[in-house]
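Okay, so here's the structure we're looking at.
The values are calculated or read from the model by the stated rules, or taken from the named source; none is laboratory data. Owing to the predicted nature of the structure, the values given are computational and were not obtained by experimental measurement. Note that each Cβ is placed from the backbone with ideal geometry, even for glycine, and that neighbours are counted across all protein chains shown. We work out accessible area using only protein heavy atoms, side chains counted, and drop any ligands, DNA or RNA first. Shrake-Rupley method; radii C 1.70, N 1.55, O 1.52, S 1.80 Å.
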Amino acid sequence: MIDSRKAVVLLSGGMDSCVSAAIARESHGAGDIALLHVGYGQLTQDRELRSFTDIADFYSVQRRLIVQLDHFRAIGGSALTDKNVSVPENQLDRPSSHGSSIPVTYVPFRNAHFLSVAVSWAEAIGARAIYIGAVEEDSSGYPDCRPEYYQAFQSVIREGTRPETQIEIVTPVITLKKSEIVRRGVELGAPLHLTWSCYQSEDAACGACDSCLLRLRAFAEAGVADPIPYRQRVAAR
């Protein structure tokens, strides 16, 4: 049975997914959102899971699913999952050293795996929407964060599910700048203090990887203090 009120939210524990969860909660209510977390062997897997749990507890969401996709470590090809590839530091906005416009922190086709799990769960529980915190503008340039990607995946859902299934991919922050996401989160009272964005540290954020630099710049441009601890804070450019 399809429930138009119910939505699955992909919640990594990062800022973008947290704000997306806050938007979904505002639209559907805490009782009608289901939170999905996917571990994929990333360097900060344990810390991200903690953020997921803390955010889910903050919103008192009972329906949760935690999935582990260990094959990404075996596949490799990303600094986030392959110990032989270093996470770049202080390289934001600089040309890639490996000759590609796509950073080495890109995990090959990762979001398709996440969405596949989300679609399976949504179809099983009768949800009508899947929220994902993908961001195109002011991001690292990952190819699976573009609107065209989600439009294409929408067609896959339509063709690959039951005829009566109606699931819409919702990307509520995809066109926003990171600073706008911070402001939206503040407006919604999202628990940004519980989020984690660092690619490589789990105690205090490194302050040097692309994700930390994007986050620090976003909070600075928004005029809001970033509430998480850092080993170093680089001035926004």
- Task: With all distinct Cα pairs included, what does the Kirkwood hydrodynamic radius of segment 99-168 come out to in Å, to one decimal, could you say?
- Result: 13.2 Å
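Of the heavy-atom accessible surface of segment 86-237 (probe 1.4 angstrom), what whole percent is carbon and sulfur? Before the final figure, lay out the partial values.
Numbers: 3540 of 7160 Å².
Whole-percent figure for carbon plus sulfur exposure: 49.
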- Task: Amide H neighbours of residue 131 under 5 Å, at least 5 residues apart or on other chains, H built in the peptide plane: list them.
- Result: 8, 9, 10, 170
- Item | Average accessible area per residue (Å²) across segment 1-127 - probe 1.4 Å, nucleic acids and ligands excluded | 46 Å²
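Express the relative contact order of the chain as a whole percentage, based on alpha carbon pairs under 8 Å and six or more residues apart in sequence.
On the way: 448 pairs, mean separation 59.0, N = 237.
RCO, the chain: 25 percent.
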- Message: At 222 nm, what value in deg cm²/dmol follows for the chain if DSSP H runs of at least 4 each add -39500 (n - 2.57) and the sum is divided by all its residues, to the nearest 500?
- Response: -11500 deg cm²/dmol
- Please work out which option in (i) 53, 39, 33; (ii) 50, 37, 29; (iii) 42, 41, 38 gives Cα extents along the principal axes in Å calculated from these coordinates, and answer with its label. (ii)
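Under the definition of Cα pairs under 8 Å and six or more residues apart, what whole-number percent is the relative contact order of segment 194-237? Present the calculation step by step, with values, prior to reporting the outcome.
Values: 56 pairs, mean separation 18.0, N = 44.
RCO, segment 194-237: 41 percent.
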- Per residue, accessible area of segment 134-237 with a 1.4 Å probe, heavy atoms of protein chains only, in Å², comes to 47 Å²
- Hey, what's the Kirkwood Rh for segment 1-98 if you take every pair of different alpha carbons, in angstrom? 15.2 Å
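Within 10 Å, count the other beta carbons around each residue, average over each peptide in 81-88, 176-183, and list them highest first.
For the peptides 81-88, 176-183, the packing ranking is 176-183, 81-88.
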- Query: With the contact rule set at Cα under 8 Å and sequence spacing of 6 or more, what percent relative contact order holds for segment 162-237?
  - Reply: 30 percent
- Query: Between segment 154-204 and segment 1-75, how many Å separate their Cα centres?
  - Reply: 9 Å
